[in-house]
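Enquirer: Pasting a structure below so you can have a look.
The values are calculated or read from the model by the stated rules, or taken from the named source; none is laboratory data. The shown structure was predicted, so the numbers you read here are calculated from the model rather than taken from an experiment. Virtual Cβ from ideal backbone geometry, glycine too; neighbours counted across all protein chains shown.
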Amino acid sequence: MRISVEEVFETVGMTLDHHFDIRTVTLGINLKDCIDRDLGWLIKQTQGRIVEKGQLLNHCATALEQKYGIPITNRRISVTPVSLLLEPLPRKTITAVRFAKALDTAARKADIDFLGGFGALVHKGVTAAEANLIDAIPEALSETQRICGFLNLASTTAGINMDAVAKVGHIIRDLAHRSENGVGCAKLAVFANVPEDNPFMAGAHHGIGEPDFSLNIGISGPGVVRSVVAQNPDCDLTQLSEVIKRTVFKITRAGELIGRELAGLMKVDFGIVDISLAPTTVTGDSVAEIIEAMGVGRMGSPGSTAALALLIDAVKKGGAMASGNVGGLSGTFIPVSEDTGMIRAVRSGALSLDKLEALTSVCSVGLDMFAVPGDTPPEIISSIIADELSIGVVNNKTTGVRVVPVPGAKPGGIVHFGGLLGSAPVMKVSKYSSAKFIQRRGRVPSPILALRN
Amino acid sequence: MPEEKKSQICIVTVTGRDRVGIIARLATAMARANINIVDVNQKIMEDCFVMTMAADIGEATMDIGQIKKQLDRIGRQMALKITIQDESLFKAMHRV
């Protein structure tokens, strides 16, 4: 049966009027076979592979963009956790920094805007090479443009590595003070239960269970979902869930089609479709505005958590029906700085850091892109991280933190990061310190939930 | 045996103010590029011209990027919004 005029215009309207796009196509690249005791050799092998595959990714993505008329906004690369590549090399921060710069050069040559994977999995303990990489993070991320870092500090099976959490508070403060407005911190995400196939930055890496190459795709249509919610102002919540499900089915199918074809063109394995709703600062492309269109007075006011839970449940059901390969994070992103509705909610006092944390307990994947005063003590940053990761550990889900301490900023001020990163109101943090709790160190044991065998 | 002709169906949409010669103009441009028009649906909603066209570009003399540029030019000249997208996208999104 031919497609009807109404169906055609529904699809066309999604891209023309409601900002539907393929948010990112991210090629995961295995670099384990490049590991060597000679840093020069490692750099040469790595750069060659990244430039070749990165250029191919851009070329093929542009061809499909024309074929399907759907923008493929970002083309990115994730690599094997860099700490593994550095294992046999000298334990000097300069080694890690040189390698980060080499990755940055390769990404620039391939015209890839972000390359993820400068990080380590340290949820249970830290090797000497991993400790070295963590020490190198402030310098490596502040002296490169396109490199993103991640650290997995906790997991449901291992618990929370509080030694690492305590250290990361200092690392984030240091990184913030090396860049204007602390924006370097936008390139570092810390996690509990980090997925191995997440296509979204800053947390992407090519996991150790992945094949040589894997193409992962992140679709995004907050604008599309907001529009269907707004078109149904009076239906009950069961019906609303149904409407959202159908819409997400359609956009996920588009993502799956384009992802598979792109992987085929590049002759690499197709990985997953990440169905996360990812907002942008473009008007109308906001997750907070979906919640508000559902009837919640302002994002952050009572009802927001329930509305967000319903929204993402519907997104997952629609997405799972559309693709057998849903993976990655597949939750909601509510980055404060990158969503105009979130910015408005914080500025008007409706959304506090505490409520933001509550939202992450149902479906959001973490405290993302929020600004705090630059003089926030490292122990408080570590405490915020520990709280957020414990939500992930206990609920057997991914949670992450991407916090930007803005040097010189006071609560209530607004800081402009520019471009994709938007602008963030500086949020108030508690004046009561939990430094003694953080200084105890050790490992928070894994929850009883982990004993499933 | 003659070689089987390859086929690639695309959906062209046109929206804008109705005026004389829209279809003629598009059809001429497509014929020049050896594009076969397979199906046309059009209606006038109030003053607005809405059309979808299924076109086979399998034997076309230019690729989809160039065709898109041509259509954009016609769109600018006649104040119309024209899109072209591969049909498989619509099938994936609207058929289970």
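Enquirer: Can you confirm whether the stretch A:182-201 contains a residue that is assigned to a loop (DSSP other than H, G, I, E, B) and aliphatic (A, V, I, L, M)?
Expert: yes
Enquirer: Answer yes or no: is there a residue in the stretch A:111-122 that is over 18 Å from the mean Cα position of the chain (by Cα) and either among the hydroxyl-bearing types (Ser, Thr, Tyr) or within 30 Å of residue A:390 (Cα to Cα) (or both).
Expert: Among the residues of the stretch A:111-122, at least one is over 18 Å from the mean Cα position of the chain (by Cα) and either among the hydroxyl-bearing types (Ser, Thr, Tyr) or within 30 Å of residue A:390 (Cα to Cα) (or both), which makes the answer yes.
Enquirer: Exactly one condition in (1) touching an Asp or Glu at 6+ places or on another chain (Cβ under 6 Å); (2) within 16 Å of residue A:134 (Cα to Cα) is not met by residue A:199; state its number.
Expert: All conditions pass for residue A:199, except number (2).
Enquirer: Let me ask another. Taking only the stretch A:321-351 into account, find how many residues are out of contact with any Cys (no Cβ under 6 Å at 6 or more places or on another chain) and farther than 13 Å from residue A:423 by Cβ.
Expert: Matching residues across the stretch A:321-351 total 18.
Enquirer: Determine, yes or no, whether residue A:27 is in a loop (DSSP other than H, G, I, E, B) and in contact with a helix residue (DSSP H, G or I) (Cβ under 6 Å, 6 or more places away or on another chain).
Expert: It is false that residue A:27 is in a loop (DSSP other than H, G, I, E, B) and in contact with a helix residue (DSSP H, G or I) (Cβ under 6 Å, 6 or more places away or on another chain).
Enquirer: Here's another thing I want to ask about it. Determine, yes or no, whether residue A:275 is within 21 Å of the chain's Cα centre (by Cα), buried (at least 21 other Cβ atoms within 10 Å of the Cβ), within 19 Å of residue A:21 (Cβ to Cβ) and modelled with pLDDT under 95.
Expert: It is true that residue A:275 is within 21 Å of the chain's Cα centre (by Cα), buried (at least 21 other Cβ atoms within 10 Å of the Cβ), within 19 Å of residue A:21 (Cβ to Cβ) and modelled with pLDDT under 95.
Enquirer: Report yes if some residue within the stretch A:321-333 is surrounded by fewer than 23 Cβ atoms within 10 Å (Cβ to Cβ), out of contact with any Ser or Thr (no Cβ under 9 Å at 6 or more places or on another chain) and modelled with pLDDT of 95 or more; otherwise report no.
Expert: Among the residues of the stretch A:321-333, not one is surrounded by fewer than 23 Cβ atoms within 10 Å (Cβ to Cβ), out of contact with any Ser or Thr (no Cβ under 9 Å at 6 or more places or on another chain) and modelled with pLDDT of 95 or more, which makes the answer no.
Enquirer: What tally of residues in the stretch A:103-121 results from selecting those that are more than 17 Å from residue A:45 (Cβ to Cβ), surrounded by 19 or more Cβ atoms within 10 Å (Cβ to Cβ) and touching a Lys or Arg at 6+ places or on another chain (Cβ under 8 Å)?
Expert: The total comes to 3.
Enquirer: Which ones in the stretch A:206-223 are surrounded by fewer than 23 Cβ atoms within 10 Å (Cβ to Cβ) and of a type in the set (Gly, Ala, Ser)?
Expert: A:207, A:209
Enquirer: Please find, among A:210, A:261, A:242, the residue that is within 14 Å of chain B (Cβ to nearest Cβ) and of a type outside the set (A, V, I, L, M).
Expert: A:261
Enquirer: Residues A:84, A:56: which one is modelled with pLDDT of 95 or more, closer than 18 Å to residue A:266 by Cα and of a type in the set (A, V, I, L, M)?
Expert: A:56
Enquirer: Continuing with the same structure: Sort through A:184, A:159, A:169, A:203 and tell me the only one that's within 16 Å of the chain's Cα centre (by Cα) and in the same structural domain as residue A:46 (by TED's automatic domain parsing).
Expert: After ruling out the rest, the residue left standing is A:184.
Enquirer: Of the residues that sit in the stretch A:22-64 and are within 14 Å of chain B (Cβ to nearest Cβ) and surrounded by fewer than 18 Cβ atoms within 10 Å (Cβ to Cβ), which one is nearest to residue A:105 (Cα to Cα)?
Expert: A:59
Enquirer: Go through A:44, A:53 for me and flag whichever is assigned to a helix (DSSP H, G or I), basic (Lys, Arg) and touching a residue at least 12 places away in the same chain (Cβ under 8 Å).
Expert: Only one candidate passes the filter, namely A:53.
Enquirer: Here's another thing I want to ask about it. Could you look through the stretch B:65-94, keep only residues that are at the interface with chain A (Cβ under 8 Å from one of its Cβ atoms) and outside any helix (DSSP H, G or I), and pick out the one that is farthest from residue A:17 (Cα to Cα)?
Expert: For the stretch B:65-94, the residue satisfying everything is B:86.
Enquirer: So, in the stretch A:289-305, of the ones that are free of Cβ contacts under 8 Å to residues at least 60 places away in the same chain and aliphatic (A, V, I, L, M), which residue ends up surrounded by the fewest Cβ atoms within 10 Å (Cβ to Cβ)?
Expert: The selected residue is A:296.
Enquirer: Here's something else I'd like to know. Pick from A:308, A:237: which is surrounded by fewer than 21 Cβ atoms within 10 Å (Cβ to Cβ), more than 20 Å from residue A:22 (Cα to Cα) and not polar (S, T, N, Q)?
Expert: A:237
Enquirer: Give the residues of the stretch A:305-355 that are within 12 Å of residue A:424 (Cα to Cα) and over 20 Å from the mean Cα position of the chain (by Cα), sorted by residue number.
Expert: Within the stretch A:305-355, A:344, A:345, A:346, A:347 qualify.
Enquirer: Pick from the stretch B:37-64 the residues that are among the small types (Gly, Ala, Ser) and in a strand (DSSP E or B): which of them is surrounded by the most Cβ atoms within 10 Å (Cβ to Cβ)?
Expert: Per the stated criteria, the residue is B:55.
Enquirer: While we're looking at this one, here's another question. Kindly indicate the residue of the stretch B:44-59 that is under 14 Å from the mean Cα position of the chain (by Cα) and within 12 Å of chain A (Cβ to nearest Cβ) and also farthest from residue B:32 (Cα to Cα) among those meeting that condition.
Expert: Taking the candidates together, the pick is B:50.
Enquirer: Could you grab me the full set of residues in the stretch B:16-36 that are among the small types (Gly, Ala, Ser), more than 14 Å from every other protein chain (Cβ to nearest Cβ) and surrounded by 15 or more Cβ atoms within 10 Å (Cβ to Cβ)?
Expert: B:27, B:29, B:33
Per-residue answers, yes or no, for (1) crowded, with 19+ Cβ neighbours inside 10 Å; (2) in contact (Cβ under 8 Å) with a residue 24 or more places away in the chain; (3) not small (Gly, Ala, Ser):
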position: A:349; (1), (2), (3): no, no, no
position: A:360; (1), (2), (3): yes, yes, yes
position: A:367; (1), (2), (3): yes, yes, yes
position: A:443; (1), (2), (3): no, yes, yes
position: A:452; (1), (2), (3): no, no, yes
